[in-house]
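Reading through the structure tokens given below for one structure.
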Amino acid sequence: MNFTNFLPAISKKALKKISGEVRSWRLHLRIGLTFAELARRINPIVRGWMQYYGAFYRSELLPPYGVSVPA
């Protein structure tokens, strides 16, 4: 068997860890914050994940319903 292809992407384990982290934020309970305040708190973290894990196969980080994230 010859190894002919390699597609670097986020591992299932790392994706599960990120999903758990986002769930721990309990965003649905943050009714006292505006969208701008939520974005200010969340964007640096998500931007870091996108830069680290999305260097090669960014679409693997996005949900399956087609969210577009600028490079």
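The values are calculated or read from the model by the stated rules, or taken from the named source; none is laboratory data. Predicted model, so just to flag it, every value in this text is computed and none were measured. Glycine gets a Cβ as well: all are built from the backbone with ideal geometry, and neighbour counts include every protein chain shown.
Summary of values
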read-out: Residue within segment 50-66 that is charged (D, E, K, R), part of a helix (DSSP H, G or I) and at pLDDT below 80 present; value: yes
read-out: Out of Arg30, Arg40, Arg23, Arg47, sole residue that is exposed (fewer than 11 other Cβ atoms within 10 Å of the Cβ) and of a type outside the set (Phe, Trp, Tyr); value: Arg23
read-out: Qualifying residue in segment 28-46 (condition: at pLDDT 75 or above and under 23 Å from Leu7 (Cβ atoms)); value: yes
